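Peer 1: Questions regarding the structure given below will be posed in turn.
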Amino acid sequence: WTYEYTDYGGLIFNSYMLPPLFLEPGDLRLLDVDNRVVLPIEAPIRMMITSQDVLHSWAVPTLGLKTDAIPGRLNQTTFTATRPGVYYGQCSEICGANHSFMPIVLELIPLKIFEMGPVFTL
C-alpha cells in the first residue's frame, strides 16, 4: 500500500509486509509491515482510497473499516478512533496472486502526541 499525509507536507511512503528474515519476537507473520500508518485518536480521520491496477479492498476489521479500492474511482471512508493501539488488517479482495500479502497496520496514538511532531516509523 502507498500512503500520503496531505495535511502534513505531502509525506508519501510505501508499506510492505515484513519478510520472515526481518521478523522480531512479537511481530506477526504475514501481518506486520515495515512502515506503519500512524494516526491520532479523538480526531476525525478521512481516508481517500483508490487503486492503480485491479480491485483491492482496504480492510481493518477491528475498527469496522472496509472500503474498496477501484481503478479510476476515488472512494473515501471516515472514522474516529477512541482507543490507542495497533490495529491489523489486509486486502480482502481476490485481486491477484499476491493479494494476501498486502497487510495494513494502523498505529493509533493520542492526538497531543501526534501533534508534537514526526512519530512516523519510516
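The values are calculated or read from the model by the stated rules, or taken from the named source; none is laboratory data. All of these numbers come straight from a predicted model, not from anything done at the bench. What goes into the accessible areas is simple: the full protein's heavy atoms, side chains included, and nothing from ligands, DNA or RNA. Shrake-Rupley method; radii C 1.70, N 1.55, O 1.52, S 1.80 Å.
Peer 1: Under a 1.4 Å probe, what is the accessible area of the chain per residue, stated in Å²?
Peer 2: 62 Å²
Peer 1: Which shape class applies to the chain: rounded if a/c is under 1.5, otherwise prolate when a/b exceeds b/c and oblate if not, where a ≥ b ≥ c are the square roots of the Cα gyration tensor eigenvalues?
Peer 2: Here the chain falls in the oblate category.
Peer 1: For Phe79 and Thr2, calculate 0.36 nm times their separation in residues minus their Cα-Cα distance, and state this gained length in nm to one decimal.
Peer 2: Between Phe79 and Thr2, full extension yields an extra 25.8 nm.
Peer 1: Further, regarding this structure: Report the relative contact order of the chain, percent, no decimals, based on alpha-carbon pairs under 8 angstrom and at least 6 residues apart.
Peer 2: Once divided by the residue count of the chain, the mean separation gives 28 percent.
Peer 1: With a 1.4 Å probe and all protein chains in place, put Tyr3, Tyr16 in order of accessible area, largest first.
Peer 2: Ranked from most to least accessible, the order is Tyr16, Tyr3.
Peer 1: Oh, and also: Roll a 1.4 angstrom probe over the protein heavy atoms and tell me the percent of accessible area of the chain that is carbon or sulfur.
Peer 2: Here it works out to 56 percent.
Peer 1: Roughly how many Å² of Leu108 are accessible to a 1.4 Å probe, to the nearest 10?
Peer 2: In the full protein context, Leu108 sits at about 0 Å².
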